[in-house]
Amino acid sequence: MIEGKKNSHPEANRWDARYQAELEAWLARSPRQLLLDYSSLLPESGLALDAAAGVGHSSLYLARRGLRVIALDISRVALRAAARAARQQYLSVYPAVYDLAFACFPPARFDVILNFHFLERQTFSAYRQALKPGGLLFIETFVRTEPETQDTSYYLEPGELRARFSDYELILDEEAGLPPSRARPARGVARLVARKPGTATGSRP
């Protein structure tokens, strides 16, 4: 894992504290259901990017399916847990502390890109560049249902995700409501599974 200097990013500090306090609960979670539901589309090998990977549930799942995975997150605490699990299971997961607000990736590098419950609009153009022709994109994040109270920094506008990737093959494109819970009010969620136009060429070693 790329450790770098001591984290001074306020969001990093906030997430480090949250993961530290709730680590066991995070570790008990499963890979994202969207990924499981469309797992039959996944290639048997290649390179994947898991953006905002957290403790790495989805990264580990992809690695068990035969992919090599770069797992990015702003939280060192979360990535240490992901790295530990990958070592214990002898899986090809490579965590790195990374601020996705400044996302920049090599062109046509990834066979699969995941983005779950995270929104940084700058990443959309970075994903488009970094995904190989024929590569798969999985996105699930929140969408505004109450414009007066929901900050656009954390919520998509209705239809925004579809518009961003309208030129892709849209395998799944839906927006749905999430019921309120004890901790959160009702929210909307946008889900997208899409294939980049073009023919897959295989992964570089």
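Nothing in this text is a laboratory measurement; each read-out follows from the coordinates by a stated rule. On a predicted model such as this, the values are computed, not experimentally measured, just so you know. Using ideal geometry, Cβ is built from the backbone for each residue, glycine included, and neighbour counts are taken over all protein chains shown.
Quick check: residue separation of residue 117 and residue 157 times 0.36 nm, minus the Cα distance between them. What number comes out in nm? Walk me through the numbers on the way to the answer.
Working: separation 40, 0.36 × 40 = 14.40 nm, distance 1.47 nm.
Gain on stretching residue 117 to residue 157: 12.9 nm.
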Label-point separation, residue 129 to residue 23 (7 Å along Cα→Cβ), nm
3.6
Counting pairs of alpha carbon atoms under 8 Å apart in space and at least six apart in sequence, what relative contact order in percent does the chain give?
18
Estimated distance in nm for a label pair at residue 199 and residue 172, the labels positioned 7 Å out from Cα along Cα-to-Cβ:
2.9
Pairwise label distance in nanometres, residue 102 with residue 14, each label 7 Å out on the Cα-Cβ vector:
2.0
Which option, (i) 15.9, 52; (ii) 16.5, 49; (iii) 15.7, 44, is the value of Rg and Dmax of the Cα atoms in Å that was calculated from these coordinates?
(ii)
Show me the helices of the chain, taken as full DSSP H stretches, that run 18 Å or more along their long axis by Cα and average -1.0 or above in Kyte-Doolittle hydropathy.
76-89
With a cut-off of 8 Å between alpha carbons and a minimum separation of six or more residues, what is the relative contact order of the range 71-163 in percent?
22
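If the only charges are +1 at each Lys and Arg Cβ and -1 at each Asp and Glu Cβ, what is the size of the charge dipole of the chain around the Cα centre, to the nearest 20 debye? List each step's numbers first, then the result.
On the way: 27 positive and 23 negative charges, 147 e Å.
Once rounded to the nearest 20, the dipole reads 700 debye.
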Using amide H atoms built 1.01 Å from N in the peptide plane, name the residues 5+ places from residue 188, or on other chains, whose amide H lies under 5 Å from its own.
143, 145, 178
Given 95-107, 45-57, the highest-first ranking by average Cβ count within 10 Å works out to 45-57, 95-107
